[in-house]
Amino acid sequence: MNRIRALGFALLLSLTHAAQAETLLKLDARADAPPSRGEHLKLGSVRSPQGHTLTANSQTLLLDGQPWLPVMGEYHYSRAPASQWDTQLRLMKAAGIDIVASYVFWNHHQPQPGAFNWQGTRDLRRFVQLAQAAGLKVVVRLGPWAHGEARYGGIPDWVVDKMPTRRNDPEYLGHVERLYAEIGAQIKGLLWKNGGPVIGVQLENEYNLRGADRGEAHIRTLKALALKAGLDVPLYTVTGWDQTVYPSGEVMPVFGGYADEPWATSTKELPPKETHAFRFGTRVSGDLGAQTRAHEPGTAETDQDLVPFLGAEYGAGLPAMYRRRTLVSPDDIAAMLPVQLGSGVNLLGYYMFHGGRNPLGPGGVGLEESTLSGGYNDTPRISYDFQAPLGPDGQPREVLARLRPVHYFLRDYGSRLATMTVRQPEITPASPSDLQTPRWAVRSRGDSGFLFFNNHVRQYAMANQAGVRFELQLPGGSLTLPAQPVDIPSGSYFIWPFNLDLDGIRLRYATAQPVLRLDAGALGVVHVFAPTPGVAAEFALDDEVKTLASTGAQMLTLGKSGGRAVHVLLLSQDEVEQLQVLELAGQRRLVFSRQQAWVAKGQLQLRGPATAPLQAALFPALPHPKAPGLVVTRDGPLQQLSLPGTVAEPALQVVPQRQPGRAPPLLKGGLANAALQPIPEAFASAAGWALKLPAALPPSAEEVLLELDFVGDIGRLFFGTRLLDDWYYNGQRWQVGLRQFGLKGGETLDLNVLPLRADAPIYIDASHRPTFPEGSTQVAALRSVRLLPLRRVSIAP
């Protein structure tokens, strides 16, 4: 049927072009929404001592009885220095994250039989306490099998060697019971029912195993063990993709999707992914890399009308895997958001939002997933960068600026969106590979709703949609928008509101994306919008349509309601990408800065390159901002803050140590029957450089990033014989924060780069595939090395 509809659209498109007319895209949103129900969901304790409640029904989460559509980001405490946790959690909060999720990797805590290690970087309790202090709620992913690109999925070697796992085997369950009891003891008193931040736990991961002692019975047993350990929380979840099985009603499935598949075996570009296509009959978004396969429908397929559509693993980046080194663009990630929300997602959960590094096990054993230990994939021994919005050392990636505005939108308008029903257009694409038919959806309740559109697909040009208008059939009548047809270019994606109540004033529609609501005191209420590139920003009221330019901040007064003025503020795209929203000095404020901004100890924190000025513009202004060297000026309503750069970029001495030898041919094999990471002995052919640090690292720098731009197969960074970090070449620059290693001025690091062979059966994105020197069949070169000092400044309000 979809194929017939798509052919019909192609015919319609050709006719409208021939007649020089508009392309009218139609959707009927008049059908009644199914009623929500929640009595079948067996939640844990839902009430906090302060009287707050967290519940769920078949449609949405409910916080204090109100629909709640939060944003969740994954950050693994045991893959990050404990000294960084506080700042990084606050950075996540400032980016619009509401919930932090983390795996508990069993083999990080009990690598040998006997005592557990909950100290230092493994201090789960302190991590949860810091999350609460940062204003974040917490979901703990208990395992015992986690995957997470970890050795044996996080199950210790001694367990794997001795007994059956991932089933109701008595010996295995005895050890799992102790693991859960240990976790329960760590977060005792920090659960929601205690007034703490822990609102949920996830059991197992990607569990689609059936048969004796497996399947639903095993998940039911794990939940019972969690309850026995005192883990009484409102939400119990399992991953819902790849035909997961679980006892319906006992747990709720969570979903995800990725812009590419590093775990695939193809050495070419993959077909267009489901992740960039709206879904109207399923919640599963393609292959998410589960380690096991099932061949019959899972519980999530039959549970679809019984549980809310919750997300946990929408890839904010992609993992590094040896045979397939995908490098995603910011648009590859950000374009997924209108698709997932327009498909009905009511918890936007990312994996990973913050990168990390793997610890090493006893004797330096790697705890990464590897074919050497029977894993399906080869991954770096140390690096778990994941191309995440926040890198392993908290460095912001370009994608972060694309995601934040949607997070702020969900914080202010998500309670309305959460109760809205997904509506399917009259004509939809025949498949994810259909690049011609417009991709869009509506979520509505009554006459109000949001229109979601995506014209971006990773590595594929979409059709330019010319002369587009939308016709929506609503219970109260028809709505056609915009006033004039618009052209939607390839690569565009957006969310537009219609019949949106802006503090008592009805906005019939806007061709701009709502971002946030700001109470500006005497000025009134300001609703901030982001422009749609290439489309004029129309704001339609009951009796007129007003158009604003998107070249800079433009304010439009809609009228008064309840004695207060109501405005819309349209930002430029550059302003939107600089926007950070912070609660500071008792008031919500807009902070425009290219630097990282967050709040700690009641003060504004700015972090950026120490070689350049730190600058920010605030609205409303701070009462009396103070910091050494701070310059405060005004630019209209904006308060401008500036501090000059303090240091020059430190010099680094680079000395070649070894010429590359001949890299051995790559082998194929393993469970994937694909390219295998070279064995350790192959690194004898690596090129080598000594990197001598300056006599003193800048004392004013909070962090110093070593940035390496190399081309080759695998890079490894050592201090003496200690492996600090490693990297698969993929075209992305490799950055390593040096402060965590306690290095002193004048010390020397060693960089080894294994040559990449021209005949290597691996995938690298076309724009980053290396050029091999003439007459050579391999390459190992260091193109540049830099030291990037970062400073942090605290500004009292």
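The values are calculated or read from the model by the stated rules, or taken from the named source; none is laboratory data. As the structure is a computational prediction, the values presented were derived from the model and not from experiment. Ideal geometry is used to build each Cβ from the backbone, glycine not excepted, and the neighbour counts take in all protein chains shown. Accessible surface areas use protein heavy atoms only, side chains included; no ligands, DNA or RNA. Shrake-Rupley method; radii C 1.70, N 1.55, O 1.52, S 1.80 Å.
Structure above, values below:
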item	result
Kirkwood Rh, angstrom, the stretch 30-176 [1 / mean 1/r, Cα pairs]	17.8 Å
The chain, helix-only ellipticity at 222 nm - DSSP H runs n ≥ 4, -39,500 (n - 2.57), divided by all residues, nearest 500	-4500 deg cm²/dmol
Translational diffusion coefficient (Stokes-Einstein; Kirkwood radius from C-alpha pairs) of the stretch 410-558 at 25 °C, 0.890 mPa s, in µm²/s	150 µm²/s
Whole-Å semi-axes of the chain's equivalent ellipsoid (Cα gyration tensor)	40, 33, 29
Neighbour count of at most 13 Cβ within 10 Å plus DSSP loop: longest GluC sites (Glu not before Pro)-free window in the chain	40-543
Two-decimal log10 I(q)/I(0) for the stretch 37-118, as the Debye equation yields it once each C-alpha is a single scatterer, q = 0.13 Å⁻¹	-0.66
Approximate spin-label separation ALA696-THR480, in nm, with each point projected 7 Å along Cα-to-Cβ	7.3 nm
Of LYS268/LYS668; LYS601/LYS692; LYS137/LYS744; LYS193/LYS228; LYS93/LYS188, pairs whose Cα-Cα distance is over 27 Å	LYS601/LYS692; LYS137/LYS744
Translational diffusion of the stretch 715-795, µm² s⁻¹ [Kirkwood Rh, Cα pairs; Stokes-Einstein; 20 °C; 1.002 mPa s]	139 µm²/s
Charge-dipole axis of the chain as Lys and Arg at +1 and Asp and Glu at -1 on Cβ define it, positive-most pick from VAL647, SER431, PRO308	VAL647
Residue-normalised accessible area of the chain, expressed per residue, 1.4 Å probe, Å²	36 Å²
Residue-wise HN-Hα coupling along the stretch 508-513, computed from phi with Karplus coefficients 6.51, -1.76, 1.60 (Hz; x: Gly, Pro)	4, 6, 9, 9, 9, 9
Dipole moment magnitude, nearest 20 debye, the stretch 15-93 about Cα centre, only Lys, Arg, Asp, Glu C-beta charged	240 debye
Size of electric dipole in the chain: Cβ of Lys, Arg +1 and of Asp, Glu -1, about Cα centre, debye, nearest 20	1260 debye
Rg/Rh (Cα only; Kirkwood hydrodynamic radius) as it applies to the stretch 28-81	1.14
Fraction of antiparallel bridges per DSSP, the chain only, in percent to nearest 5	75 percent
Translational diffusion coefficient (Stokes-Einstein; Kirkwood radius from C-alpha pairs) of the stretch 665-787 at 4 °C, 1.567 mPa s, in µm²/s	82 µm²/s
Cross-link reach list, lysines versus LYS560, counting only Cα pairs under 29 Å and skipping chain neighbours closer than eight places	LYS546
Residue (of HIS276, HIS218, THR244) at the positive-pole extreme of the stretch 200-289, dipole from beta-carbon charges	HIS218
Over the stretch 612-717: Kirkwood hydrodynamic radius from C-alpha pairwise inverse distances, Å	19.3 Å
Nearby aspartates and glutamates by direct alpha-carbon distance to LYS42 (threshold 13 angstrom, same-chain neighbours under 8 apart not counted)	ASP232, GLU250
Interchain or long-range residues, amide H under 5 Å from ARG792's placed H	GLU702
Pairs of Cα atoms farther than 16 Å apart, the stretch 541-633, %	65 percent
Kyte-Doolittle mean at least -0.5 and Cα axial length at least 18 Å: DSSP H helices in the chain	2-18, 170-186, 215-228, 398-417
For the stretch 488-540, alpha-carbon Rg relative to the globular expectation (2.2 N^0.38 Å, N residues)	1.25
Under 11 Å, Cβ to Cβ, from PRO497 - net charge with Lys/Arg +1 and Asp/Glu -1	+3
Volume of the Cα convex hull of the stretch 167-272, divided per residue and given in Å³	142 Å³
Debye intensity ratio I(q)/I(0), log10, the stretch 266-423, q values 0.15, 0.18 Å⁻¹ (C-alpha model)	-0.97, -1.26
